[in-house]
């Protein structure tokens, strides 16, 4: 009887364990940052569409970027980038005047690069006029990272512009906030005037690890400068031991 009771108790105990196991939640492995594909780069191209940029100059930004993307060296850099790169385009001017030019494209192959270049080439201007609020453009560009595909080793904003900001205090606040998040800010200075925009971008706009300014002597020089800039950003290469080196587009 005692043996029977012991066996009965063991059976009851095993039954309770079985019931407990069956009622425990089953955890299935879901996609996480560790299981998602890791890209080399999330890159937001920020085009200046303020009042100082006319339609011809906007077209040079658009066509110059498309031509830079089609350059064999840039295509090769994308092809060799571990996991590929993801790019998007925004257009910026005043505080409440920013717009998405092109959504995110995950690019790994030559065909995908050519397709994105074609989309940039055909992208319409979505905003007309407005001031030069660089901080607003940077903030809007940074928001795009919230919807970027997968994860990336680096997040970079690539801002193009032909003038200084209309609000220096807000620019410093926004720039410092983005740098604390680990976002890198690079710039392409279009030197139309004599205000030495390159030095200004060095001092007030760029920041982060290996950040830099590329100079275009004028709008006709934009494509050449953008090619140098894209190549450096995609490769993550260090052209100089200092982060504030200027790489002028040579003819």
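Would you be able to tell me the number of residues in region 140-158 that are surrounded by fewer than 18 Cβ atoms within 10 Å (Cβ to Cβ) and farther than 15 Å from residue 98 by Cα?
So in region 140-158, the residues surrounded by fewer than 18 Cβ atoms within 10 Å (Cβ to Cβ) come out as 143, 146-147, 149-151, 153.
This time we only want the ones that are farther than 15 Å from residue 98 by Cα, so: 146-147, 149-151, 153.
Summing the residues that are surrounded by fewer than 18 Cβ atoms within 10 Å (Cβ to Cβ) and farther than 15 Å from residue 98 by Cα in region 140-158 gives 6.
When region 91-110 is examined, which residues are found to be touching a residue at least 24 places away in the same chain (Cβ under 8 Å), part of a strand (DSSP E or B), in contact with a helix residue (DSSP H, G or I) (Cβ under 6 Å, 6 or more places away or on another chain) and farther than 19 Å from residue 163 by Cβ?
The answer is 107, and nothing else.
Quick check on my filter: what residues within region 189-209 are surrounded by fewer than 23 Cβ atoms within 10 Å (Cβ to Cβ), touching a strand residue (DSSP E or B) at 6+ places or on another chain (Cβ under 7 Å) and either in contact (Cβ under 8 Å) with a residue 60 or more places away in the chain or not in a helix (DSSP H, G or I) (or both)?
Correct list: 191, 206, 207, 208, 209.
Please state which of the following conditions residue 121 fails to meet, knowing it meets all the rest: (1) touching a residue at least 60 places away in the same chain (Cβ under 8 Å); (2) part of a helix (DSSP H, G or I); (3) closer than 21 Å to residue 56 by Cα.
(1)
Let me confirm something: among 103, 161, 137, 129, which residue is in contact with a strand residue (DSSP E or B) (Cβ under 8 Å, 6 or more places away or on another chain) and surrounded by fewer than 18 Cβ atoms within 10 Å (Cβ to Cβ)?
Numbers: 161 fails: surrounded by fewer than 18 Cβ atoms within 10 Å (Cβ to Cβ); 137 fails: surrounded by fewer than 18 Cβ atoms within 10 Å (Cβ to Cβ); 129 fails: in contact with a strand residue (DSSP E or B) (Cβ under 8 Å, 6 or more places away or on another chain).
When all the criteria are applied, what remains is 103.
Of all the residues that make up region 210-228, how many are part of a strand (DSSP E or B) and buried (at least 23 other Cβ atoms within 10 Å of the Cβ)? Working first, answer last.
Of the residues in region 210-228, the ones part of a strand (DSSP E or B) are 213-216.
If we keep only those that are buried (at least 23 other Cβ atoms within 10 Å of the Cβ) too, we end up with 213-214, 216.
The qualifying residues number 3.
Every number here is computed from the coordinates shown, using simple stated rules; none is lab data. Note that this is a predicted model, so its numbers are computed, not measured. Here Cβ is always computed from backbone atoms with ideal geometry, including for glycine, and neighbour counts include all displayed protein chains.
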